[in-house]
1. For segment 56-86, enumerate the residues that are open to solvent by 60 Å² or more (accessible area, probe 1.4 Å), in contact (Cβ under 8 Å) with a residue 40 or more places away in the chain and either of a type in the set (D, E) or within 20 Å of N27 (Cβ to Cβ) (or both).
2. Would you mention how many residues in segment 15-34 are at pLDDT below 95 and either among the β-branched types (V, I, T) or not in a loop (DSSP other than H, G, I, E, B) (or both)?
3. Does D45 satisfy the condition of being part of a loop (DSSP other than H, G, I, E, B), among the acidic types (D, E) and surrounded by fewer than 14 Cβ atoms within 10 Å (Cβ to Cβ)?
4. Residue check, G89 against (1) assigned to a loop (DSSP other than H, G, I, E, B); (2) surrounded by 14 or more Cβ atoms within 10 Å (Cβ to Cβ), all met but one. Which one?
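The values are calculated or read from the model by the stated rules, or taken from the named source; none is laboratory data. Just so it is clear, the structure is predicted and the values come from calculations on it, not from any experiment. Every residue, glycine among them, receives a Cβ derived from its backbone with ideal geometry; neighbour counts consider all protein chains shown. Note: areas computed on protein heavy atoms with side chains; ligands, DNA, RNA excluded. Shrake-Rupley method; radii C 1.70, N 1.55, O 1.52, S 1.80 Å.
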Amino acid sequence: MAIKGNVKEQTRSKIKVPRQYQVLIYNDDFTPMDFVVNVLMQIFDKEESAATALMLSIHKSSYAVAGVYPKDIACTKAAEAVRWAREEGHPLKVEAVCQ
């Protein structure tokens, strides 16, 4: 048997970029500012100066974006922040929302 030519098969793979979710931290009158700064530093990997600036932004408005992540990471970080807040007795509201 003779082979008449090489057949090249082209495959194209499309990689979907995962949807990004914003993690929002909301202002309240009960959660201490120091605690919010610690959450931003420990969970969202912010430097102290950036965490303080973001905390003040949250304090002045109704909320601020702590970070933007794929869904699983955003939901995990939001849940971790809420869990920590509840352990400390604070009503901090943190949620992941699709952009």
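1. Of everything in segment 56-86, those that are open to solvent by 60 Å² or more (accessible area, probe 1.4 Å), in contact (Cβ under 8 Å) with a residue 40 or more places away in the chain and either of a type in the set (D, E) or within 20 Å of N27 (Cβ to Cβ) (or both) turn out to be V68, W84.
2. 2
3. Details: part of a loop (DSSP other than H, G, I, E, B): yes; among the acidic types (D, E): yes; surrounded by fewer than 14 Cβ atoms within 10 Å (Cβ to Cβ): yes.
Here the answer is yes, as D45 does meet what is asked.
4. (2)
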